[in-house]
Amino acid sequence: MTTYRTLFISDVHLGTRSAQAELLLDFLKHNDAETIYLVGDIVDFWRIRRGAIWPQSHNDVLQKLLRRVRKGCRIVFIPGNHDEGLRQYCGQRFGGIEIERQAIHTTADGRRYLVLHGDEFDVVVRYAKWLAFLGDRGYELALWTNQPLNFLRRRLGLGYWSLSSYLKQRVKGAVNFIGEFESALAEEARRQDVDGILCGHIHHAASREIHGVHYVNTGDWVESCTAVGETADGRMQLIRWHEVVRARAGRTQEVVSLQAA
């Protein structure tokens, strides 16, 4: 078990077929923290309106988080655009979980980070919500395509690969959108006079300096399976759980091979 001072998780999209709840449960089994920030889009109410996909593993994620609260972990939930209905409850607590519109997190070494979901800086979500819904359906189709593709890759002994992520990186408009989004968030951090900003929303994990601001994006749990952990001395680490699981499987295979030899 690895213990962090703080963990940041976003874009789980429980209630959808694409949510990788089993991998998140594995992550929570092997990682703990004094404080956990849930940085939006934990439950996908957009998809639930069209018919929820809710296996037991999705319940298990929520139950595990509630158990962490009962054991003394502080959990702060910052709703995103897919669970925006919960924003009306900001400032309240449910099951010990604090619901906030945004938060200022101070690291162990004294740096201040603005924590928010980030959809406030997505012009499509703000000004053309119908287009955001349309884009969401296209993204859902690309995610669905990932499943048979990666079934074949596993049969061939290859690792996970995301078509939707590949397209997002190769399409010029998407690359420009990501750059503009990151710049807008960095500008907001400067406006609020903080050292860094931590967000989710665009499903693109990152940790970089932008004009003197530390921009950190937690990524997601439908493709990249990433989170951010603050160590005891205040360092922010981007955790890519797919890579950890592959490395762990490789070590297991090595042990089996040695035993067989």
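List of remarks:
- Residue 3 versus residue 232: modelled label distance in nm, points set 7 Å from Cα along the beta carbon direction: 0.8
- Our estimate of slack between residue 57 and residue 193, defined as 0.36 nm per intervening residue step minus the Cα-Cα distance, is 44.9 nm.
- Per-peptide packing, taken as the mean over residues of other Cβ atoms within 10 Å, places 216-229, 96-109, 195-208 in the sequence 216-229, 195-208, 96-109 from highest down.
- One equal scatterer on each Cα of the stretch 1-89, no solvent, Debye formula: the resulting log10 I(q)/I(0) at q = 0.16, 0.17, 0.20, 0.22 Å⁻¹ is -0.62, -0.70, -0.96, -1.14.
- Using R0 = 35 Å, the C-beta based FRET efficiency linking residue 74 and residue 156 works out to 0.20.
Read the figures in this text as sums done on the coordinates, not as results from a lab. Note that the coordinates shown come from a computational prediction; the quantities given were computed from them, not determined experimentally. Note that we place each Cβ from the backbone using ideal geometry, even for glycine, and neighbour counts take in every protein chain shown.
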